[in-house]
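Taking it in order: structure first as structure tokens, then the write-up.
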Amino acid sequence: MTRIRRGYIARRRRTKIRLFASTFRGAHSKLTRTITQQKMRALISTHRDRGRKKRDFRRLWITRINAVIRGDGVSYSYNRLIQGLYKRQLLLNRKILAQIAISNRNFFYTIYDEIIKS
């Protein structure tokens with residue numbers, strides 16, 4: 001009986017997986033089984049950390065704003081600032097406030113004074 005050569009579909013699938021894991025170290029980029037395990041693990045981590053990144057940046061912005069407010073020696077807090085923003089219906093999100101607080105403190109203090117006065 002003649003020998004039957006296998007098709008290319010499985011090889012193509014494994015090649016695609018290997019391309020995904022080409023930057024991994026050791027057996028994680030060489031052996032098909034460990035490559036598939038590592039690929040699943042990597043995709044799970046990226047999915048989980050997409051949400052975590054948003055949370056981390058929000059925490060960073062809040063910390064920066066609060067540090068600038070309290071660094072002035074004023075007894076007010078971040079909480080009062082955000083409450084005032086919502087009362088006045090100002091459309092400044094935390095990211096923009098943090099950038100203003102770091103790059104231009106005088107302008108941030110003027111915004112802050114206007115909000116606290118009301």
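The values are calculated or read from the model by the stated rules, or taken from the named source; none is laboratory data. Keep in mind it's a predicted model, so treat the numbers as computed, not measured. Backbone-built Cβ (ideal geometry, glycine too); neighbour counts: all protein chains shown. Side chains included, ligands, DNA and RNA excluded: accessible areas come from the protein's heavy atoms. Shrake-Rupley method; radii C 1.70, N 1.55, O 1.52, S 1.80 Å.
Run the helix sum for the chain: -39,500 (n - 2.57) per DSSP H stretch of 4+ residues, divided by residue count, reported at 222 nm to the nearest 500 deg cm²/dmol.
Helix-only estimate at 222 nm: -24500 deg cm²/dmol.
Length gained on full extension, SER77 to LYS54: 6.0 nm, using 0.36 nm per residue less the C-alpha separation.
When both the stretch 1-43 and the stretch 84-118 are represented by their alpha-carbon centers, they are found 53 Å apart.
Of TYR78, TYR86, TYR112, the residue with the largest accessible area leads and the full order is TYR86, TYR78, TYR112 (1.4 Å probe).
If you bin all the Cα-Cα distances of the chain at 5 Å, starting from zero, the percentages per bin are 2, 9, 15, 13, 8, 6, 6, 6, 6, 7, 7, 5, 3, 2, 1, 1, 1, 0, 0. Pairs of lysines in the chain whose Cα atoms sit within less than 29 Å of one another amount to 13, provided the residues are eight or more positions apart or on different chains.
Over the stretch 49-114, what portion of Cα pair distances is larger than 18 Å, expressed as a whole percent? Please report the intermediate quantities before stating the final value.
Details: 724 of 2145 pairs.
Result: 34 percent of Cα pairs exceed 18 Å.
In the stretch 1-42, Cα pairs under 8 Å separated by at least six residues give a relative contact order of 30 percent.
Each label point was placed 7 Å from the Cα along the Cα-to-Cβ direction; for THR34 and ARG3 their separation is 2.9 nm. Within the assembled protein chains, the solvent-accessible surface assigned to ASP56 is about 80 Å², based on a 1.4 Å probe.
How large is the dipole of the chain about the Cα centre if only Lys and Arg carry +1 and Asp and Glu carry -1, each at its Cβ, rounded to the nearest 20 debye?
Values: 31 positive and 5 negative charges, 336 e Å.
I would put it at about 1620 debye.
Considering only GLN99, TYR78, HIS47, the residue lying farthest towards the positive end of the dipole of the chain is HIS47, judged by Cα position with unit charges set on Cβ.
For the stretch 9-76, how big is the tail of P(r) above 13 Å, as a whole percent of Cα pairs?
72
Sequence-distant contacts, meaning Cα pairs under 8 Å at least 6 residues apart, place the relative contact order of the stretch 36-106 at 35 percent. Projecting the Cα atoms of THR15, GLY26, PHE108 onto the dipole axis of the chain, where Lys and Arg carry +1 and Asp and Glu carry -1 at the beta carbon, places THR15 farthest toward the positive end. Shown for the chain: the carbon plus sulfur share of the solvent-accessible area, taken with all protein chains present and a 1.4 angstrom probe, equals 53%.
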